[in-house]
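Beneath this line is the structure, given in structure tokens, with notes to follow.
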Amino acid sequence: MKKNFCSILILICLLNSSVSVSQSGWFWQDPYPTAEYLYSTKFINQNTGFVIGSSNTILKTTDGGINWISVSPVNYNMTYYSSFFLNENTGFISGTQSYILKTTNQGQTWNSFETGNTYSNSSIYFLNANTGWLAGGCGTISKTTNGGVNWQTMITSCDSYFSGIRFINSQTGWAVGYVTGFQTYRGLISKTTNGGSTWERQFIDIDNSNYRVVYIRDTSNIWVAGDNGRLLKSTDGGANWIIQNSFTISYLFDIHFEDENKGWISSGSGKIFKTDNGGANWMQIYSGTTESIYKFSFTENNFVYAGGSGGTILKSNDGGNSWTKLNKRIGGVNRSVCFTDQNTGHIAGLYGLYLKTTNSGADWIYNDIGFNSSMYDINFVDQNTGWIAGEINSYILKTTNGGENWFSRHKGPGGVMHRSYFLDNNTGWFMGDSIMKTTNGGENWQSQFLLSGQDLFGMDFIDPNTGWVVGGQFPGKIFKTTNSGDTWEEKFSQDFTSFKDIKFFDHNTGYAFGSKVYQTTDGGDNWIIINNSFFTRVYYINNGTFYGISTGRISKTTDTCKSWISQPINTGAAFFGLHFINESTGWVAGNGVILKTTSGGLTNINNIVNEMPNDIKLNQNYPNPFNPKTVIGYTLTGNRNVNLKVYDALGKEIITLVNEK
């Protein structure tokens, strides 16, 4: 049932503005458009389509998959398994939560409706605008007759799980999955002939299996596919099922027939199979990927799309005979990112990884710089001069032409360097298991300090002489110098603590980051904990604004580290590097991912249309219902009196929102 809230804050949209769309403040640049599992793909036509998947991922394209935008609702925590679109405007999505999502405006907004199934809703299917079914956990099948607003549980049997459901008409349908109660899971096929009111178990496999998808060609010919290459066919409406000869041991995720002879199957390990003789024989078609391929979407003019694991999106323009990858992926473990302007950026990572972009991260180009060891930090002093620190047999690398060429400026006895810090083109430090200083642009280096058995990770100077460095792990340590690093004095040591970064505003006030956030107001002599957040790296913007990163987390503070707010991101990857060129635009790099924001990480609300409407309309409020506030949009044909009131479910007037011209 749709949830209603009376105690809500109402915000009224501006006159003549229609429904708005919410988009995440961080978006993918590598992999592009995402690295998530894309369990369902649905294209309305050859250009407009949706892919959905893990970590609240709903992406939309209107140009055949070249560009994608996120249309995911904010403040939802859900993995989406199944989608069904009636037309270009109206679609439904189900997944791991007890509610489904519905859009009536091409994904601009989504409304949620409770289903009553608290396990999961793995498959959704609609026969028309009103009648639809859900199948999922605990053997639950639900039905709606009013467009998904209300759902009635038709059957529940917790010895089974349904992965797929399809209907051929208002009465006859099949659900597939598995049944327990044996030593292994066994594939299950159930059928209804009364719209889902009752279900008959038509077939239970004798072997370990899980059926994932059912495809209905017509009232007689039905296909079922599942794990371990299991493929079954019925030619008599499910009265009898024939297990097909095995042609693969991969999981089979989807099946589609163009006619009685020509069909396709998607499976694990990047395999697509095709038959030209009604399934008597299947041949593998090259897909260009080793990722699992989940669901097909066949559209007009022989265009076919498919989504898969690792953000895989495939496209065919010849009816599925050949495929190309739409997603872009460099991969690698990115440890540090640095931009010199809004377009030019650099990334360094493990195993000699060096990437460069000249178009603000839209494309990242791999360059072989001749060093194959791991690199942990990249830092540019200006557009041309940059440095790389890492485990490069104690080499320190430098470029003077914007990263086109890199050369060694130091080779020591061994060890690793984690970070660099430069005051100008000449004076800088590298830190790791020791501190190295140069005053002539790397021509010569002075060893300043050695923390035996402990590594140093962060440094900050308030003037050429006064600086701090942090490192160590259990205990974490903070050191200070007042003579440009000639000597370092230990100022603080804390058991069961690690320090990764440090920032000072003046000679007295500073912050240290690691397993907790510490503050000093006396130049580092004394430190107190002001926040329990863990960060591997931070970036200071201005006026008390910081960004901090850790595994699967990007956080922001605007009150000088007292409180931090986690920003919505669709990944649990480990983050290691971040860089901002202004308060709004920044990048985060990590284990196989590069993210970018142009809004300071905040969710954007963008008006879709701003024109005079032809009629009076009151739009669905959004977001709905899991927020302390909601937006009610309405449109008018001209300047006129408006009276807008809120009533509860019993018809009692709660509040008058608008009563004016």
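General remarks:
- In terms of packing, defined here as the mean over residues of other Cβ atoms within 10 angstrom, the peptides 579-590, 134-145, 317-328 line up highest first as 134-145, 579-590, 317-328.
- Across region 24-75, counting alpha-carbon atoms alone, Rg and Dmax equal 10.5, 31 Å.
- Take region 396-545 with all the other protein chains still there, run a 1.4 Å probe, and you get 41 Å² of accessible area per residue.
- The alpha carbon gyration tensor of region 511-575 gives principal lengths a ≥ b ≥ c with a/c of 1.5 or higher and a/b greater than b/c, which makes the shape prolate.
- Gain upon complete extension [D341, M283; 0.36 nm per residue less C-alpha separation]: 15.8 nm
- For region 333-407: relative contact order, % (alpha-carbon pairs under 8 angstrom, 6 or more apart): 23 percent
- Shape class for region 548-588, computed from the alpha carbon gyration tensor (a ≥ b ≥ c): oblate, with a/c not under 1.5 and a/b at or below b/c.
- Using the Cβ of Q383 as centre and a radius below 13 Å, the other residues enclosed give a net charge of -2, where K and R count +1 and D and E count -1.
- The order of the peptides 197-208, 284-295 by mean Cβ neighbours within 10 Å, most packed first, is 284-295, 197-208.
- Simple spin-label estimate for N401 and S269 in nanometres, 7 Å along Cα-Cβ: 4.6 nm
- Near the amide H of W364, within less than 5 Å, lie no amide hydrogens of residues on another chain or at least 5 residues away, with H placed in the peptide plane.
- Relative contact order (%) - the chain, alpha-carbon pairs under 8 angstrom, separation at least six: 12 percent
- Remark on S40: its backbone amide H falls under 5 Å from those of I52, a criterion applied only to residues 5 or more positions apart or on other chains, H modelled at 1.01 Å from N.
- Cα gyration tensor, region 159-291 - rounded (a/c under 1.5), prolate or oblate: oblate
- Förster radius 35 Å - calculated FRET efficiency between I528 and T439 (Cβ-Cβ, nearest 0.05): 0.50
- Stretch gain in nm, segment N384-I242, where the contour uses 0.36 nm per residue and the Cα spacing is subtracted: 44.3 nm
- Estimated vicinal HN-Hα couplings, Hz - region 248-259 in sequence order (Karplus 6.51, -1.76, 1.60; Gly, Pro = x): 6, 9, 6, 5, 9, 9, 8, 9, 8, 10, 7, 8
- Here the extension length gained between S493 and T193 equals 100.7 nm, from 0.36 nm per residue of separation less the Cα-Cα distance.
- Across the options T521, W133, N582, the greatest Cα extent toward the positive end of the charge dipole of the chain (unit charges at beta carbon of Lys, Arg, Asp, Glu) belongs to W133.
- Our coupling estimate for region 562-573, obtained by passing each phi through the Karplus curve with A = 6.51, B = -1.76, C = 1.60 and θ = phi - 60°, is 5, 9, 10, 10, 6, 9, x, 9, 9, 6, x, 5 Hz, Gly and Pro reported as x.
- What the Cβ-Cβ distance of N317 and D368 gives, at R0 = 35 Å and to the nearest 0.05, is a FRET efficiency of 0.55.
- Of the accessible area of the chain, computed with a 1.4 Å probe over protein heavy atoms only, carbon and sulfur atoms account for 45 percent.
- Calculated FRET value between T551 and N77, using beta carbons and R₀ = 25 Å, to 0.05: 0.90
- Shown in residue order for region 430-441 are the 3J(HN,Hα) couplings computed by the Karplus curve 6.51 cos²θ - 1.76 cosθ + 1.60 at θ = phi - 60°: 10, 9, x, 7, 7, 10, 10, 10, 10, 10, 9, x Hz (x for Gly and Pro).
- Placing unit charges on each Cβ (+1 for Lys and Arg, -1 for Asp and Glu) gives the chain a dipole about its Cα centre, and among G472, I100, N150 the Cα reaching farthest toward its positive end belongs to N150.
- The label-point distance for N146 and K562, in a model that sets each label 7 Å from Cα toward Cβ, rounds to 4.8 nm.
- Projecting label points 7 angstrom from Cα along Cα→Cβ for S584 and E260 puts them 6.1 nm apart.
- Built amide H within the under 5 Å cut-off of Q46, gap 5+: E300
- Sequence ranges 561-569, 104-112, ranked by mean other-Cβ count within 10 angstrom, highest first: 104-112, 561-569
The values are calculated or read from the model by the stated rules, or taken from the named source; none is laboratory data. Quick caveat, the model's predicted, so the values are computed rather than measured. A quick note on method: Cβ atoms are made from the backbone with ideal geometry, for glycine too, and the neighbour counts reach across all protein chains shown. Surface areas here come from the heavy atoms of the whole protein model, side chains and all, with no ligands, DNA or RNA. Shrake-Rupley method; radii C 1.70, N 1.55, O 1.52, S 1.80 Å.
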